[in-house]
Number of protein chains: 2
Amino acid sequence: MNGLLRPARRTTLADDVYESVRALVMDHAVAPGERINIDALARRLEVSPTPVREALARLEADGLVRKRPLAGYTAAPLLTRAEFDELVEMRLILETASAHRVAERFSGRRDATGSDSDSGSGDRAAAGNGDGAGADPPGSADVLAQLRREAELPDQVPGTEGFAAIAAFTAQDARFHHLLAERSGNRMLHAAVVRLRAHLHLFRLHFPTAHYGTSAREHLRIVDAIGTGDPDAAGSAMRAHLLAAADRHLPFFEGS
Amino acid sequence: MNGLLRPARRTTLADDVYESVRALVMDHAVAPGERINIDALARRLEVSPTPVREALARLEADGLVRKRPLAGYTAAPLLTRAEFDELVEMRLILETASAHRVAERFSGRRDATGSDSDSGSGDRAAAGNGDGAGADPPGSADVLAQLRREAELPDQVPGTEGFAAIAAFTAQDARFHHLLAERSGNRMLHAAVVRLRAHLHLFRLHFPTAHYGTSAREHLRIVDAIGTGDPDAAGSAMRAHLLAAADRHLPFFEGS
DNA sequence: CGATCGAAGATCCTATAGGGAAAACGTCCG
DNA sequence: CGGACGTTTTCCCTATAGGATCTTCGATCG
(Lines give C-alpha, C1' and ligand atoms only; values in the text may rest on other atoms or scores of the structure.)
Protein backbone atom coordinates (compact mmCIF):
# COMPACT_ATOMS: atom_id res chain seq x y z
CA MET A 1 0.00 0.00 0.00
CA ASN A 2 1.41 3.28 -1.07
CA GLY A 3 1.32 6.48 0.91
CA LEU A 4 -0.02 8.45 -2.02
CA LEU A 5 -2.45 7.69 -4.80
CA ARG A 6 -0.93 6.92 -8.17
CA PRO A 7 -3.76 7.08 -10.73
CA ALA A 8 -2.09 5.46 -13.70
CA ARG A 9 1.27 7.20 -13.76
CA ARG A 10 -0.09 9.62 -16.30
CA THR A 11 1.65 12.21 -14.20
CA THR A 12 5.11 12.23 -12.78
CA LEU A 13 5.85 11.20 -9.22
CA ALA A 14 6.87 14.68 -8.21
CA ASP A 15 3.44 15.96 -9.24
CA ASP A 16 1.69 13.44 -7.04
CA VAL A 17 3.95 14.34 -4.16
CA TYR A 18 3.16 17.98 -4.78
CA GLU A 19 -0.56 17.34 -4.48
CA SER A 20 -0.09 15.19 -1.41
CA VAL A 21 2.04 17.70 0.43
CA ARG A 22 -0.26 20.47 -0.61
CA ALA A 23 -3.18 18.60 0.87
CA LEU A 24 -1.15 17.95 4.00
CA VAL A 25 -0.47 21.63 4.51
CA MET A 26 -3.95 22.74 3.50
CA ASP A 27 -5.61 20.38 5.98
CA HIS A 28 -3.22 21.36 8.73
CA ALA A 29 -1.93 17.82 8.94
CA VAL A 30 1.28 19.69 9.63
CA ALA A 31 0.86 22.66 11.94
CA PRO A 32 1.69 26.12 10.64
CA GLY A 33 5.33 26.95 11.29
CA GLU A 34 6.20 23.33 11.94
CA ARG A 35 9.39 22.02 10.41
CA ILE A 36 9.09 19.67 7.46
CA ASN A 37 11.62 16.88 7.40
CA ILE A 38 12.36 15.89 3.84
CA ASP A 39 13.57 12.41 4.62
CA ALA A 40 10.69 11.69 6.95
CA LEU A 41 8.23 12.91 4.35
CA ALA A 42 9.86 10.75 1.72
CA ARG A 43 9.61 7.69 3.95
CA ARG A 44 6.00 8.46 4.77
CA LEU A 45 5.10 8.74 1.09
CA GLU A 46 7.37 5.84 0.20
CA VAL A 47 9.37 7.71 -2.38
CA SER A 48 12.91 9.02 -2.57
CA PRO A 49 13.79 12.49 -1.26
CA THR A 50 14.45 13.83 -4.75
CA PRO A 51 10.85 14.22 -5.95
CA VAL A 52 9.91 15.46 -2.49
CA ARG A 53 12.49 18.19 -2.80
CA GLU A 54 11.14 19.11 -6.21
CA ALA A 55 7.57 19.31 -4.93
CA LEU A 56 8.66 21.45 -2.00
CA ALA A 57 10.37 23.88 -4.33
CA ARG A 58 7.13 24.37 -6.22
CA LEU A 59 5.17 24.76 -3.01
CA GLU A 60 7.58 27.42 -1.88
CA ALA A 61 6.83 29.41 -5.02
CA ASP A 62 3.16 29.14 -4.09
CA GLY A 63 3.92 30.47 -0.64
CA LEU A 64 2.66 27.41 1.19
CA VAL A 65 6.03 26.49 2.64
CA ARG A 66 9.08 28.52 3.52
CA LYS A 67 12.68 27.57 3.02
CA ARG A 68 15.57 28.76 5.08
CA PRO A 69 18.88 28.11 3.38
CA LEU A 70 20.61 25.14 4.93
CA ALA A 71 17.97 24.86 7.60
CA GLY A 72 15.16 23.07 5.83
CA TYR A 73 11.54 23.74 5.01
CA THR A 74 8.76 24.81 7.36
CA ALA A 75 5.03 24.96 6.82
CA ALA A 76 3.70 28.43 6.09
CA PRO A 77 3.05 30.32 9.30
CA LEU A 78 -0.39 31.67 10.07
CA LEU A 79 -1.32 35.01 8.57
CA THR A 80 -0.52 38.06 10.68
CA ARG A 81 -3.05 40.82 10.91
CA ALA A 82 -1.12 42.89 8.38
CA GLU A 83 -0.91 39.99 5.95
CA PHE A 84 -4.60 39.32 6.36
CA ASP A 85 -5.34 42.93 5.45
CA GLU A 86 -3.12 42.63 2.41
CA LEU A 87 -4.91 39.47 1.38
CA VAL A 88 -8.28 41.17 1.65
CA GLU A 89 -7.07 44.11 -0.39
CA MET A 90 -5.65 41.80 -3.00
CA ARG A 91 -8.91 39.91 -3.25
CA LEU A 92 -10.74 43.20 -3.66
CA ILE A 93 -8.50 44.14 -6.55
CA LEU A 94 -8.59 40.78 -8.29
CA GLU A 95 -12.10 39.53 -7.70
CA THR A 96 -13.86 42.84 -8.21
CA ALA A 97 -12.19 42.99 -11.60
CA SER A 98 -13.19 39.38 -12.16
CA ALA A 99 -16.88 40.04 -11.50
CA HIS A 100 -16.70 43.18 -13.59
CA ARG A 101 -15.26 41.30 -16.53
CA VAL A 102 -17.76 38.45 -16.37
CA ALA A 103 -20.66 40.89 -16.43
CA GLU A 104 -19.03 42.67 -19.34
CA ARG A 105 -18.67 39.48 -21.33
CA PHE A 106 -22.17 38.33 -20.49
CA SER A 107 -23.80 41.56 -21.53
CA GLY A 108 -21.67 41.77 -24.65
CA ARG A 109 -22.60 38.30 -25.79
CA ARG A 110 -26.24 38.64 -24.91
CA ASP A 111 -26.74 41.90 -26.75
CA ALA A 112 -25.02 40.75 -29.91
CA THR A 113 -21.33 40.00 -30.28
CA GLY A 114 -18.36 41.75 -28.78
CA SER A 115 -19.04 45.46 -29.05
CA ASP A 116 -16.41 46.79 -26.67
CA SER A 117 -13.19 48.27 -27.95
CA ASP A 118 -10.85 45.41 -27.18
CA SER A 119 -13.33 42.72 -28.05
CA GLY A 120 -12.05 39.34 -29.00
CA SER A 121 -9.44 39.42 -26.34
CA GLY A 122 -11.43 37.56 -23.75
CA ASP A 123 -13.06 35.19 -26.19
CA ARG A 124 -9.85 34.20 -27.82
CA ALA A 125 -8.29 33.78 -24.43
CA ALA A 126 -10.95 31.35 -23.31
CA ALA A 127 -10.64 29.37 -26.51
CA GLY A 128 -6.85 29.49 -26.50
CA ASN A 129 -4.58 26.51 -26.17
CA GLY A 130 -6.19 25.17 -23.02
CA ASP A 131 -4.75 22.52 -20.80
CA GLY A 132 -6.18 19.91 -23.04
CA ALA A 133 -8.78 18.14 -20.95
CA GLY A 134 -12.02 19.15 -19.27
CA ALA A 135 -12.07 22.67 -20.69
CA ASP A 136 -15.56 22.82 -22.07
CA PRO A 137 -16.56 26.40 -22.84
CA PRO A 138 -20.34 26.43 -22.86
CA GLY A 139 -22.38 29.18 -24.43
CA SER A 140 -22.96 32.36 -22.50
CA ALA A 141 -26.48 31.23 -21.66
CA ASP A 142 -25.56 28.60 -19.09
CA VAL A 143 -22.67 30.58 -17.66
CA LEU A 144 -25.20 32.39 -15.56
CA ALA A 145 -27.06 29.17 -14.82
CA GLN A 146 -23.89 27.47 -13.70
CA LEU A 147 -22.93 30.34 -11.45
CA ARG A 148 -26.38 30.40 -9.92
CA ARG A 149 -26.24 26.67 -9.35
CA GLU A 150 -22.97 26.98 -7.44
CA ALA A 151 -24.33 29.87 -5.43
CA GLU A 152 -27.55 28.05 -4.61
CA LEU A 153 -25.97 24.78 -3.67
CA PRO A 154 -27.25 23.40 -0.36
CA ASP A 155 -25.61 25.53 2.27
CA GLN A 156 -25.82 22.86 4.90
CA VAL A 157 -24.74 19.60 3.42
CA PRO A 158 -26.84 16.93 5.12
CA GLY A 159 -25.05 14.60 7.41
CA THR A 160 -22.12 16.88 8.03
CA GLU A 161 -21.35 18.63 11.26
CA GLY A 162 -18.57 20.58 12.85
CA PHE A 163 -15.34 20.25 10.97
CA ALA A 164 -16.87 18.46 8.01
CA ALA A 165 -19.51 21.15 7.67
CA ILE A 166 -16.84 23.84 7.64
CA ALA A 167 -14.94 21.99 4.97
CA ALA A 168 -18.06 21.60 2.84
CA PHE A 169 -18.85 25.28 3.15
CA THR A 170 -15.31 26.26 2.27
CA ALA A 171 -15.30 23.98 -0.76
CA GLN A 172 -18.55 25.42 -2.05
CA ASP A 173 -17.36 28.96 -1.53
CA ALA A 174 -14.15 28.19 -3.36
CA ARG A 175 -15.98 26.65 -6.30
CA PHE A 176 -18.07 29.77 -6.76
CA HIS A 177 -15.17 32.17 -6.66
CA HIS A 178 -12.98 30.00 -8.87
CA LEU A 179 -15.72 29.54 -11.43
CA LEU A 180 -16.26 33.27 -11.57
CA ALA A 181 -12.58 33.91 -12.07
CA GLU A 182 -12.37 31.25 -14.76
CA ARG A 183 -15.29 32.72 -16.64
CA SER A 184 -13.57 36.08 -16.74
CA GLY A 185 -11.75 34.63 -19.72
CA ASN A 186 -8.37 35.67 -18.35
CA ARG A 187 -6.32 32.67 -17.37
CA MET A 188 -3.75 34.77 -15.52
CA LEU A 189 -6.49 36.33 -13.42
CA HIS A 190 -7.91 32.92 -12.70
CA ALA A 191 -4.55 31.58 -11.61
CA ALA A 192 -3.95 34.57 -9.34
CA VAL A 193 -7.30 34.12 -7.63
CA VAL A 194 -6.68 30.43 -7.06
CA ARG A 195 -3.25 31.13 -5.62
CA LEU A 196 -4.63 33.60 -3.10
CA ARG A 197 -7.39 31.24 -2.13
CA ALA A 198 -4.98 28.72 -0.65
CA HIS A 199 -3.85 31.16 1.99
CA LEU A 200 -7.37 32.11 2.97
CA HIS A 201 -8.29 28.46 3.26
CA LEU A 202 -5.36 27.91 5.54
CA PHE A 203 -6.46 30.74 7.76
CA ARG A 204 -10.11 29.78 7.83
CA LEU A 205 -9.33 26.22 8.77
CA HIS A 206 -7.49 27.41 11.83
CA PHE A 207 -10.33 29.62 12.95
CA PRO A 208 -13.32 27.55 11.91
CA THR A 209 -16.14 29.81 10.87
CA ALA A 210 -18.94 29.57 8.37
CA HIS A 211 -21.87 31.79 7.59
CA TYR A 212 -23.90 29.68 5.24
CA GLY A 213 -27.00 31.72 4.57
CA THR A 214 -25.33 35.10 4.57
CA SER A 215 -22.61 34.09 2.16
CA ALA A 216 -25.01 32.37 -0.23
CA ARG A 217 -27.23 35.43 -0.29
CA GLU A 218 -24.28 37.65 -1.18
CA HIS A 219 -23.21 35.25 -3.90
CA LEU A 220 -26.66 35.35 -5.46
CA ARG A 221 -26.61 39.10 -5.42
CA ILE A 222 -23.42 39.02 -7.46
CA VAL A 223 -24.93 36.61 -9.96
CA ASP A 224 -28.01 38.79 -10.29
CA ALA A 225 -25.87 41.82 -11.01
CA ILE A 226 -24.08 39.88 -13.71
CA GLY A 227 -27.42 38.81 -15.11
CA THR A 228 -28.46 42.42 -15.59
CA GLY A 229 -25.27 42.97 -17.56
CA ASP A 230 -24.13 45.82 -15.34
CA PRO A 231 -20.37 45.47 -14.78
CA ASP A 232 -20.17 48.18 -12.14
CA ALA A 233 -23.02 46.68 -10.17
CA ALA A 234 -21.36 43.27 -10.30
CA GLY A 235 -18.11 44.75 -9.09
CA SER A 236 -19.85 46.56 -6.26
CA ALA A 237 -21.68 43.42 -5.19
CA MET A 238 -18.41 41.50 -5.12
CA ARG A 239 -16.72 44.27 -3.17
CA ALA A 240 -19.50 44.28 -0.61
CA HIS A 241 -19.28 40.50 -0.28
CA LEU A 242 -15.53 40.48 0.25
CA LEU A 243 -15.62 43.29 2.79
CA ALA A 244 -18.43 41.59 4.69
CA ALA A 245 -16.57 38.30 4.67
CA ALA A 246 -13.44 40.03 5.94
CA ASP A 247 -15.42 41.57 8.78
CA ARG A 248 -16.74 38.16 9.71
CA HIS A 249 -13.17 36.92 10.10
CA LEU A 250 -11.91 39.98 11.91
CA PRO A 251 -12.89 38.98 15.47
CA PHE A 252 -10.23 36.29 15.47
CA PHE A 253 -7.53 38.93 15.53
CA GLU A 254 -8.58 40.53 18.79
CA GLY A 255 -6.04 38.53 20.74
CA SER A 256 -3.09 39.77 18.72
CA MET B 1 36.24 28.81 -13.15
CA ASN B 2 32.63 28.13 -12.38
CA GLY B 3 29.72 28.55 -14.72
CA LEU B 4 27.74 30.54 -12.18
CA LEU B 5 28.69 33.13 -9.60
CA ARG B 6 28.81 31.94 -6.03
CA PRO B 7 28.90 35.03 -3.81
CA ALA B 8 29.93 33.48 -0.53
CA ARG B 9 27.61 30.51 -0.29
CA ARG B 10 25.28 32.57 1.79
CA THR B 11 22.60 31.09 -0.40
CA THR B 12 22.06 27.53 -1.44
CA LEU B 13 23.29 26.17 -4.74
CA ALA B 14 19.78 25.66 -6.06
CA ASP B 15 19.10 29.36 -5.55
CA ASP B 16 22.11 30.34 -7.60
CA VAL B 17 21.07 27.94 -10.33
CA TYR B 18 17.61 29.45 -10.22
CA GLU B 19 18.98 32.91 -10.82
CA SER B 20 21.28 31.72 -13.56
CA VAL B 21 18.62 29.85 -15.46
CA ARG B 22 16.24 32.74 -14.98
CA ALA B 23 18.78 35.06 -16.53
CA LEU B 24 19.35 32.58 -19.34
CA VAL B 25 15.68 32.51 -20.21
CA MET B 26 15.15 36.24 -19.70
CA ASP B 27 18.02 37.13 -22.02
CA HIS B 28 16.90 34.63 -24.61
CA ALA B 29 20.14 32.72 -24.26
CA VAL B 30 17.77 29.82 -24.84
CA ALA B 31 15.18 30.47 -27.52
CA PRO B 32 11.51 30.44 -26.56
CA GLY B 33 10.06 26.97 -26.93
CA GLU B 34 13.48 25.39 -27.03
CA ARG B 35 13.95 22.21 -25.05
CA ILE B 36 16.02 22.43 -21.90
CA ASN B 37 18.23 19.46 -21.24
CA ILE B 38 18.71 19.01 -17.52
CA ASP B 39 21.97 17.12 -17.77
CA ALA B 40 23.45 19.51 -20.30
CA LEU B 41 22.45 22.46 -18.15
CA ALA B 42 24.02 20.84 -15.12
CA ARG B 43 27.28 20.28 -16.96
CA ARG B 44 27.26 23.83 -18.27
CA LEU B 45 26.79 25.20 -14.76
CA GLU B 46 29.11 22.59 -13.32
CA VAL B 47 26.68 21.30 -10.76
CA SER B 48 24.74 18.11 -10.34
CA PRO B 49 21.32 17.67 -11.95
CA THR B 50 19.53 17.67 -8.60
CA PRO B 51 19.70 21.41 -7.83
CA VAL B 52 18.98 22.12 -11.49
CA ARG B 53 15.81 20.12 -11.24
CA GLU B 54 14.83 22.01 -8.12
CA ALA B 55 15.44 25.38 -9.77
CA LEU B 56 13.43 24.34 -12.82
CA ALA B 57 10.49 23.40 -10.62
CA ARG B 58 10.46 26.88 -9.15
CA LEU B 59 10.78 28.47 -12.57
CA GLU B 60 7.83 26.46 -13.77
CA ALA B 61 5.72 27.93 -10.98
CA ASP B 62 6.78 31.36 -12.23
CA GLY B 63 5.67 30.43 -15.73
CA LEU B 64 9.10 30.89 -17.28
CA VAL B 65 9.50 27.27 -18.26
CA ARG B 66 7.01 24.56 -19.09
CA LYS B 67 7.18 20.92 -18.11
CA ARG B 68 5.63 18.08 -19.99
CA PRO B 69 5.49 14.92 -17.89
CA LEU B 70 8.17 12.50 -19.00
CA ALA B 71 9.19 14.77 -21.82
CA GLY B 72 11.35 17.34 -20.10
CA TYR B 73 11.32 21.09 -19.73
CA THR B 74 11.07 23.70 -22.44
CA ALA B 75 11.61 27.45 -22.30
CA ALA B 76 8.42 29.47 -22.16
CA PRO B 77 7.03 30.03 -25.63
CA LEU B 78 6.44 33.53 -26.91
CA LEU B 79 3.18 35.18 -25.95
CA THR B 80 0.29 34.65 -28.32
CA ARG B 81 -1.93 37.57 -29.15
CA ALA B 82 -4.58 36.34 -26.72
CA GLU B 83 -2.02 35.93 -23.94
CA PHE B 84 -0.64 39.37 -24.63
CA ASP B 85 -4.12 40.83 -24.27
CA GLU B 86 -4.55 38.97 -21.01
CA LEU B 87 -1.25 40.31 -19.77
CA VAL B 88 -2.26 43.86 -20.59
CA GLU B 89 -5.57 43.43 -18.83
CA MET B 90 -3.83 41.95 -15.82
CA ARG B 91 -1.41 44.87 -15.67
CA LEU B 92 -4.33 47.27 -15.86
CA ILE B 93 -5.97 45.59 -12.91
CA LEU B 94 -2.84 45.32 -10.77
CA GLU B 95 -0.90 48.48 -11.56
CA THR B 96 -3.87 50.81 -11.66
CA ALA B 97 -4.69 49.64 -8.17
CA SER B 98 -1.04 50.07 -7.27
CA ALA B 99 -0.92 53.70 -8.38
CA HIS B 100 -4.25 54.33 -6.71
CA ARG B 101 -3.00 52.95 -3.42
CA VAL B 102 0.26 54.88 -3.47
CA ALA B 103 -1.59 58.14 -4.03
CA GLU B 104 -3.94 57.21 -1.20
CA ARG B 105 -1.12 56.58 1.20
CA PHE B 106 0.75 59.68 0.15
CA SER B 107 -2.22 61.99 0.58
CA GLY B 108 -3.22 60.31 3.83
CA ARG B 109 0.20 60.79 5.35
CA ARG B 110 0.62 64.29 4.07
CA ASP B 111 -2.76 65.58 5.28
CA ALA B 112 -2.52 64.05 8.69
CA THR B 113 -2.84 60.36 9.45
CA GLY B 114 -5.01 57.73 7.84
CA SER B 115 -8.46 59.14 7.33
CA ASP B 116 -9.95 56.47 5.12
CA SER B 117 -12.18 53.74 6.47
CA ASP B 118 -9.75 50.86 6.47
CA SER B 119 -6.77 52.95 7.41
CA GLY B 120 -3.83 51.37 9.08
CA SER B 121 -3.99 48.36 6.83
CA GLY B 122 -1.41 49.58 4.38
CA ASP B 123 0.85 51.16 6.94
CA ARG B 124 0.94 48.15 9.16
CA ALA B 125 1.52 46.01 6.16
CA ALA B 126 4.55 48.00 5.13
CA ALA B 127 5.95 47.84 8.63
CA GLY B 128 5.23 44.15 8.98
CA ASN B 129 7.86 41.50 9.45
CA GLY B 130 9.86 42.32 6.35
CA ASP B 131 12.39 40.10 4.69
CA GLY B 132 14.99 41.34 7.07
CA ALA B 133 17.51 43.17 4.94
CA GLY B 134 17.42 46.19 2.69
CA ALA B 135 13.85 47.15 3.59
CA ASP B 136 14.31 50.76 4.49
CA PRO B 137 10.94 52.50 4.66
CA PRO B 138 11.67 56.20 4.24
CA GLY B 139 9.22 58.93 5.15
CA SER B 140 6.47 59.78 2.73
CA ALA B 141 8.37 62.89 1.65
CA ASP B 142 11.04 61.16 -0.38
CA VAL B 143 8.72 58.50 -1.73
CA LEU B 144 7.65 61.03 -4.30
CA ALA B 145 11.20 62.19 -4.81
CA GLN B 146 12.41 58.67 -5.36
CA LEU B 147 9.66 57.93 -7.84
CA ARG B 148 10.42 61.12 -9.72
CA ARG B 149 14.09 60.27 -9.79
CA GLU B 150 13.39 56.89 -11.36
CA ALA B 151 11.04 58.48 -13.87
CA GLU B 152 13.48 61.22 -14.75
CA LEU B 153 16.52 59.01 -15.09
CA PRO B 154 18.45 59.61 -18.31
CA ASP B 155 16.34 58.05 -21.02
CA GLN B 156 19.25 57.45 -23.29
CA VAL B 157 22.11 56.04 -21.33
CA PRO B 158 25.27 57.41 -22.90
CA GLY B 159 27.45 54.96 -24.69
CA THR B 160 24.72 52.40 -25.26
CA GLU B 161 23.21 51.53 -28.59
CA GLY B 162 20.95 48.95 -30.10
CA PHE B 163 20.50 45.97 -27.88
CA ALA B 164 22.19 47.52 -24.88
CA ALA B 165 20.02 50.61 -25.16
CA ILE B 166 16.90 48.48 -25.20
CA ALA B 167 18.09 46.63 -22.14
CA ALA B 168 18.81 49.88 -20.31
CA PHE B 169 15.40 51.25 -21.17
CA THR B 170 13.70 48.07 -20.05
CA ALA B 171 15.59 48.05 -16.78
CA GLN B 172 14.67 51.63 -16.03
CA ASP B 173 11.03 51.03 -16.86
CA ALA B 174 11.00 47.98 -14.62
CA ARG B 175 12.54 49.88 -11.72
CA PHE B 176 9.84 52.50 -11.87
CA HIS B 177 6.96 50.07 -11.97
CA HIS B 178 8.43 47.83 -9.30
CA LEU B 179 9.13 50.75 -7.01
CA LEU B 180 5.58 51.94 -7.39
CA ALA B 181 4.19 48.51 -6.59
CA GLU B 182 6.47 48.19 -3.60
CA ARG B 183 5.39 51.54 -2.22
CA SER B 184 1.78 50.43 -2.36
CA GLY B 185 2.54 48.79 0.94
CA ASN B 186 1.05 45.48 -0.18
CA ARG B 187 3.72 42.84 -0.57
CA MET B 188 1.39 40.46 -2.39
CA LEU B 189 0.59 43.13 -4.94
CA HIS B 190 4.26 43.85 -5.36
CA ALA B 191 5.05 40.20 -5.93
CA ALA B 192 2.27 39.85 -8.48
CA VAL B 193 3.51 42.85 -10.45
CA VAL B 194 7.06 41.53 -10.50
CA ARG B 195 5.89 38.13 -11.67
CA LEU B 196 3.99 39.60 -14.58
CA ARG B 197 6.90 41.77 -15.50
CA ALA B 198 9.06 38.80 -16.42
CA HIS B 199 6.74 37.79 -19.22
CA LEU B 200 6.58 41.27 -20.65
CA HIS B 201 10.35 41.49 -20.58
CA LEU B 202 10.59 38.25 -22.50
CA PHE B 203 8.24 39.55 -25.13
CA ARG B 204 9.88 42.93 -25.46
CA LEU B 205 13.32 41.45 -25.86
CA HIS B 206 12.14 39.47 -28.82
CA PHE B 207 10.63 42.49 -30.52
CA PRO B 208 13.10 45.18 -29.53
CA THR B 209 11.32 48.44 -29.07
CA ALA B 210 11.80 51.44 -26.86
CA HIS B 211 10.10 54.78 -26.66
CA TYR B 212 12.29 56.69 -24.29
CA GLY B 213 10.80 60.16 -24.21
CA THR B 214 7.18 59.12 -24.47
CA SER B 215 7.40 56.59 -21.70
CA ALA B 216 9.27 58.91 -19.37
CA ARG B 217 6.68 61.63 -19.92
CA GLU B 218 3.88 59.24 -19.01
CA HIS B 219 5.73 58.14 -15.91
CA LEU B 220 6.12 61.70 -14.76
CA ARG B 221 2.43 62.30 -15.27
CA ILE B 222 1.71 59.41 -12.91
CA VAL B 223 4.08 60.79 -10.31
CA ASP B 224 2.49 64.21 -10.58
CA ALA B 225 -0.95 62.74 -10.03
CA ILE B 226 0.32 60.99 -6.93
CA GLY B 227 1.83 64.24 -5.78
CA THR B 228 -1.54 65.94 -5.86
CA GLY B 229 -2.89 63.17 -3.65
CA ASP B 230 -5.64 62.26 -6.07
CA PRO B 231 -5.92 58.45 -6.20
CA ASP B 232 -8.34 58.39 -9.12
CA ALA B 233 -6.14 60.67 -11.17
CA ALA B 234 -3.13 58.48 -10.43
CA GLY B 235 -5.07 55.41 -11.48
CA SER B 236 -6.19 57.07 -14.68
CA ALA B 237 -2.68 58.17 -15.52
CA MET B 238 -1.40 54.65 -15.02
CA ARG B 239 -4.22 53.24 -17.10
CA ALA B 240 -3.42 55.64 -19.93
CA HIS B 241 0.25 54.73 -19.75
CA LEU B 242 -0.37 51.00 -19.89
CA LEU B 243 -2.82 51.26 -22.75
CA ALA B 244 -0.46 53.48 -24.70
CA ALA B 245 2.42 51.09 -24.07
CA ALA B 246 0.28 48.18 -25.21
CA ASP B 247 -0.57 50.03 -28.42
CA ARG B 248 3.10 50.61 -29.05
CA HIS B 249 3.71 46.87 -28.91
CA LEU B 250 0.67 45.94 -30.95
CA PRO B 251 2.20 46.30 -34.44
CA PHE B 252 4.31 43.22 -33.83
CA PHE B 253 1.24 41.03 -33.96
CA GLU B 254 0.23 41.93 -37.49
CA GLY B 255 1.92 38.87 -38.87
CA SER B 256 -0.08 36.43 -36.77
C1' DC C 1 21.11 32.52 38.33
C1' DG C 2 21.80 33.91 33.54
C1' DA C 3 24.65 34.03 29.51
C1' DT C 4 28.25 32.34 26.59
C1' DC C 5 31.00 28.87 24.51
C1' DG C 6 31.86 24.28 22.77
C1' DA C 7 30.75 19.64 21.01
C1' DA C 8 27.53 16.07 19.50
C1' DG C 9 23.63 15.01 16.86
C1' DA C 10 20.55 15.53 13.20
C1' DT C 11 19.55 17.32 8.86
C1' DC C 12 20.13 19.31 4.64
C1' DC C 13 22.63 19.53 0.34
C1' DT C 14 25.16 17.54 -3.45
C1' DA C 15 27.00 13.87 -6.42
C1' DT C 16 26.66 9.51 -8.93
C1' DA C 17 24.47 5.25 -10.95
C1' DG C 18 20.78 2.53 -13.03
C1' DG C 19 15.93 1.54 -14.81
C1' DG C 20 12.26 2.93 -17.83
C1' DA C 21 9.50 5.62 -20.89
C1' DA C 22 8.97 8.57 -24.83
C1' DA C 23 10.53 10.58 -29.02
C1' DA C 24 13.10 10.25 -33.29
C1' DC C 25 14.87 7.84 -37.03
C1' DG C 26 15.17 4.45 -40.53
C1' DT C 27 12.90 0.88 -42.93
C1' DC C 28 9.22 -1.54 -45.00
C1' DC C 29 4.78 -1.77 -47.14
C1' DG C 30 0.73 -0.06 -49.74
C1' DC D 1 5.77 8.57 -53.33
C1' DG D 2 3.32 8.74 -48.71
C1' DG D 3 2.21 6.45 -44.45
C1' DA D 4 2.80 3.11 -40.71
C1' DC D 5 5.54 0.16 -37.92
C1' DG D 6 9.54 -1.39 -35.38
C1' DT D 7 13.99 -0.38 -33.53
C1' DT D 8 17.34 2.49 -31.64
C1' DT D 9 18.78 6.26 -29.14
C1' DT D 10 18.23 9.85 -26.07
C1' DC D 11 16.55 11.69 -22.15
C1' DC D 12 13.98 11.89 -17.98
C1' DC D 13 13.06 9.94 -13.54
C1' DT D 14 14.18 7.65 -9.23
C1' DA D 15 17.20 5.70 -5.68
C1' DT D 16 21.29 5.59 -2.70
C1' DA D 17 25.67 7.31 -0.43
C1' DG D 18 28.83 10.80 1.47
C1' DG D 19 30.36 15.69 2.89
C1' DA D 20 29.21 20.17 4.94
C1' DT D 21 26.27 22.96 7.74
C1' DC D 22 23.05 24.40 11.22
C1' DT D 23 20.69 23.44 15.43
C1' DT D 24 20.55 21.82 19.96
C1' DC D 25 22.03 20.42 24.37
C1' DG D 26 25.23 20.53 28.09
C1' DA D 27 28.89 22.52 30.74
C1' DT D 28 31.42 26.40 32.30
C1' DC D 29 32.23 31.14 33.55
C1' DG D 30 30.87 35.75 35.13
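The values are calculated or read from the model by the stated rules, or taken from the named source; none is laboratory data. Because the structure is predicted, anything quoted here is derived from the model rather than measured. Ideal geometry is used to build each Cβ from the backbone, glycine not excepted, and the neighbour counts take in all protein chains shown.
Numerical summary
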{"item": "Lone qualifier among A:41, A:59 - being within 30 Å of residue A:246 (Cβ to Cβ) and surrounded by 17 or more Cβ atoms within 10 Å (Cβ to Cβ)", "result": "A:59"}
{"item": "Filter result (at the interface with chain A (Cβ under 7 Å from one of its Cβ atoms) and either within 15 Å of DNA strand C (Cβ to nearest atom) or within 17 Å of the chain's Cα centre (by Cα) (or both)) within the stretch B:68-82", "result": "B:69, B:70"}
{"item": "Some residue of the stretch A:203-220 being at pLDDT below 95, within 14 Å of another protein chain (Cβ to nearest Cβ) and out of contact with any strand residue (DSSP E or B) (no Cβ under 9 Å at 6 or more places or on another chain)", "result": "yes"}
{"item": "Which numbered condition residue B:170 misses (of (1) in a helix (DSSP H, G or I); (2) at pLDDT 85 or above)", "result": "(2)"}
{"item": "Residue list for the stretch B:42-66, filter: more than 20 Å from the chain's Cα centre (by Cα) and within 12 Å of DNA strand C (Cβ to nearest atom)", "result": "B:42, B:43, B:45, B:46, B:47, B:48, B:49, B:50, B:51, B:52, B:53, B:54"}
{"item": "Cβ pairs under 9 Å, 6+ apart, first in the stretch A:24-40 and within 14 Å of another protein chain (Cβ to nearest Cβ), second away from DNA strand C (no atom under 15 Å from the Cβ)", "result": "A:33/A:76; A:33/A:77; A:33/A:78"}
{"item": "Subset of the stretch A:58-101 that is modelled with pLDDT of 95 or more and of a type in the set (A, V, I, L, M, F, W, C) - its residue that is nearest to residue A:21 (Cα to Cα)", "result": "A:87"}
{"item": "Enumeration of residues in the stretch B:9-23 that are in a helix (DSSP H, G or I) and within 13 Å of chain A (Cβ to nearest Cβ)", "result": "B:13, B:14, B:15, B:16, B:17, B:18, B:21, B:22"}
